[in-house]
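Single-structure report; data block below.
The values are calculated or read from the model by the stated rules, or taken from the named source; none is laboratory data. What you see is a predicted model, and the numbers here were worked out from it, not measured in a lab. Every residue, glycine as well, gets a Cβ built from its backbone with ideal geometry; the counts of neighbours run over all protein chains shown. Remember, those area values only see protein heavy atoms, side chains included, never the ligands or the DNA or RNA. Shrake-Rupley method; radii C 1.70, N 1.55, O 1.52, S 1.80 Å.
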Amino acid sequence: MYASNTFARTEVQALNGYNAGLSIEAVQERHGVLRVAKLGSNENPLGISPKALAALTAEAHQAALYPNQSCGILRNALAHKLAIDGKNLVFGNGSEDLLSIICRVFLDHGDQVVTILPSFGLHIIYPQAAGAEVIGVPMGSDMRVDVQALMAAMTPRTRLLMFSSPSNPVGSALNSAELQYVIDNLPPHTLLVFDEAYFEYANGEADYPDCLEMLQKSQCHYIVLRTFSKAYALAGLRIGYGITSDPALAELIDRLRTPFNVNRCAQAAATAALADNEHLIASIQHVRSERSRINKVLQQDLGLQPIPSLANFIFFSSPLAVDSVNLSLLQQGVITKPWAEAGYRQFLRVSIGSCEDNNLFLQALENALHQ
Ligand SMILES: *Cc1c(COP(=O)(O)O)cnc(C)c1O
């Protein structure tokens, strides 16, 4: 017998699948609950902007036609908003798609990728799939990126430095001194992939620098990744983008993307969402006020120590075995993300949801901790 596994490339045989979290239907079915709070995937509880929905619906009439290959209208709108040349932009079917393309374009067997721990799963899976070795640098004891340790991990073989800030799952972010340290110590042969999926939530917070501006002023080769999935509330449409330091990097990425990787409804909805500042601001304000309310309950009523977050989720260590807490939460209809990564398995990540879902979570967690 020839085992199916052996058909796959060696790297793929050894790979772990992405831990995508549970769906509402799966939890309803498995645990017999009707009301489910889906707080495991950092989605926007305000839902799609009404303007984006109108654009999406209008565009759907053209579904028989291939989409614009280069996201032309959206490219122009973003270039204008970011005050950059549109040639520096790349688009993906979610920023996940761009992470995958970047790893296939820039990584070869024997290359190294440095990232932070705890990590966003795809920052490890895609480099490994491309045959690269991943070096994970644990955060400091304060759960902030240890930039000294991070930059000390650079070797002549480090092709990519790839991590998220604000970090998913922790929520902490580099401040301007820390980002400057990274910039000053980035080897010239290393491309910085700076995943800013939670940019809109962090932007404007006291300690959060204008990372793009700092990178633009530097000599670094970089790709800043952003997405319409989080604050712009379009996760189900799959659209993200990257800002490159050089049009030549964008051109390389375009070589390996599928030619029509962003569908026309996503392009239309993203263009409208980008113009709907009111919905964006409402989304950000909701997250800020609910995040501080939840933090207070976790600290004062439940005696927990949630890690300060600049994003739309909170990472906290469970005083009881995570498996039993998670099971109890699921039985009460609450989906969170128990962190399945060595060294961080005592943590849960919970997204900031609607006020009702957050209340359901807080009550369920209290029940789970006092069962
Ligand atoms: C959510 C997330 C992404 C993926 O975003 P999509 O655009 O939906 O693919 C990328 N990076 C990080 C760190 C994320 O948390």
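Tally Lys and Arg at +1 and Asp and Glu at -1 over the other residues with C-beta under 10 Å from the C-beta of N263: what net charge comes out?
+1
How big is the accessible area of Y232 in square angstrom, nearest 10, if you roll a 1.4 angstrom probe over the protein chains?
20
Determine the dipole magnitude for segment 50-276: charges of +1 sit on the beta-carbon of Lys and Arg, -1 on that of Asp and Glu, nothing else is charged, the reference point is the Cα centre, and the result goes in debye to the nearest 20.
Rounded to the nearest 20 debye, it is 660 debye.
Name the residue from A20, M139, S218 whose Cα lies farthest towards the positive end of the charge dipole of the chain, charges +1 on Cβ of Lys and Arg and -1 on Cβ of Asp and Glu.
Comparing the listed Cα positions along the dipole, A20 ranks first.
Please build a GNM for the chain, connecting alpha carbons under 10 Å apart, and tell me which residue among Q112, Q13, Q216 fluctuates the most.
Q13
What figure in square angstrom, to the nearest 10, would you give for the accessible area of L65 with a 1.4 Å probe?
Its accessible surface works out to 100 Å², give or take rounding.
Net charge within 14 Å of H286 by Cβ-Cβ distance, Lys/Arg positive one each and Asp/Glu negative one each, not counting H286 itself?
Once positives and negatives cancel, what remains is -2.
Could you report the chain's accessible area per residue, 1.4 Å probe, as an integer in Å²?
Using a 1.4 Å probe on heavy atoms only, each residue of the chain averages 44 Å².
Excluding residues on the same chain fewer than 8 positions from K87, give the lysines whose Cα lies under 30 Å from its Cα.
Hits, sequence-local ones excluded: K51, K217, K230.
Round to the nearest 10 and report in Å² the accessible area of E205, as given by a 1.4 Å probe over the protein chains' heavy atoms.
Only protein atoms counted, so the area is about 40 Å².
How many percent of the accessible area of the chain is carbon or sulfur, using a 1.4 Å probe?
About 53 percent, which is the carbon plus sulfur part of the accessible surface.
Name the long-range amide H neighbours of F194: under 5 Å, sequence gap of 5 or more, or other chain; modelled H, no Pro or chain starts.
I223, V224, L225
For a test of the definition: using alpha carbon positions, the gyration tensor, and the 1.5 limit on a/c, classify the chain as rounded, prolate or oblate.
rounded
Top mean-square fluctuation among R104, R30, R264, Gaussian network model of the chain, C-alpha springs under 10 Å?
In this elastic network of the chain, the residue with the biggest mean-square fluctuation among R104, R30, R264 is R30.
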